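The values are calculated or read from the model by the stated rules, or taken from the named source; none is laboratory data. Since this is a predicted model, take the numbers as computed values, not measurements. Counting neighbours? That spans all protein chains shown, and the Cβs are built from the backbone with ideal geometry, glycine included.
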Amino acid sequence: MRWAALLVAFAALLLVRGDSPARGAEPSDQVRDLLGAIDFVPQRSHLDEVMGPLPLQELIAIATDIQTDPGVRLQAVRALAQYPDPQSVDTLEQTIDTFDNQAFGTGLLILRAAAEALAEIGGADAVPVITPLLQNSSRDVRAAAAHALRVIGSPTAVPALRAQQQVETSDQVQFAITEALRALVGGS
C-alpha cells in the first residue's frame, strides 16, 4: 500500500515536471545548491520557496532517485523530517528497508539519515521500523538507531534497547543506548 502511494506521488510529480521515469527527476541548480550543503539541512521555508508548488513530492523524488548526486540525495532524506506527512514517513520507512543491510559507504549514510529523520516525524509507530537497526553490523547505525529511539521517546523501545545493551560490544553504541534509556525511563 505504501509503495502504491509513493508511486502515485512520484507519477504526479513527473506529470507536473514533464520528466520521464527513464530520465529521473533531475533537481534544478537552485535545489542542488540548497541541498548541497553538508553541514546543515535547509529550513522548510527555503525548501518551499526554491522547490515550487510540490516541495514534498520533489524531495521524495530526489531522495529515491539513485542517479541523483549522493550528497544531494542524503540531504533530501534529511529534509523529509521537515514534512511530517504520511508520504514522508512511507518514504523514510522504505529507505530504511532498502538500505538496512548497508555496512559502509553512501548507503550507510542514507540509512542513518533516514532513521534520524523518521525519528523526528514517525512517532511511536516508527519504533518497530527502527529497533531492528540496533542489530545492524555497523556500530554507527546501531548508535544512530539508539539515538533515534531516544528522540521518539516511546517506552515501547525500552525492551529492545535493554536487550541490545546486554550484548553490545561497542562503547559508542553502549553510550547511545544508555542515553536513550536514561531519557526513556530515567536510568539504565
Residue by residue through the range 84-106, note down the ones that are of a type in the set (Gly, Ala, Ser) and at pLDDT 95 or above. Ser88
Being in a helix (DSSP H, G or I), under 21 Å from Ala81 (Cβ atoms) and in contact with an Asp or Glu (Cβ under 8 Å, 6 or more places away or on another chain) narrows Ala148, Ala124 down to just Ala148
Looking at Gln135, Gln165, can you tell me which residue is touching a Ser or Thr at 6+ places or on another chain (Cβ under 9 Å), more than 13 Å from Glu93 (Cβ to Cβ) and either in the same structural domain as Leu74 (by TED's automatic domain parsing) or of a type in the set (S, T, N, Q) (or both)? Gln165
For residues in the range 164-173 being surrounded by 14 or more Cβ atoms within 10 Å (Cβ to Cβ) and in contact (Cβ under 8 Å) with a residue 24 or more places away in the chain, which is nearest to Val129 (Cα to Cα)? Gln164
Could you give every pair whose Cβ atoms fall below 8 Å, whose first residue belongs to the range 93-104 and is under 17 Å from Leu80 (Cβ atoms) and not assigned by TED's automatic domain parsing to the domain that holds Ala144, and whose second residue is among the basic types (Lys, Arg) and in a helix (DSSP H, G or I), counting only separations of at least 6 or pairs across chains? Glu93/Arg2; Gln94/Arg2
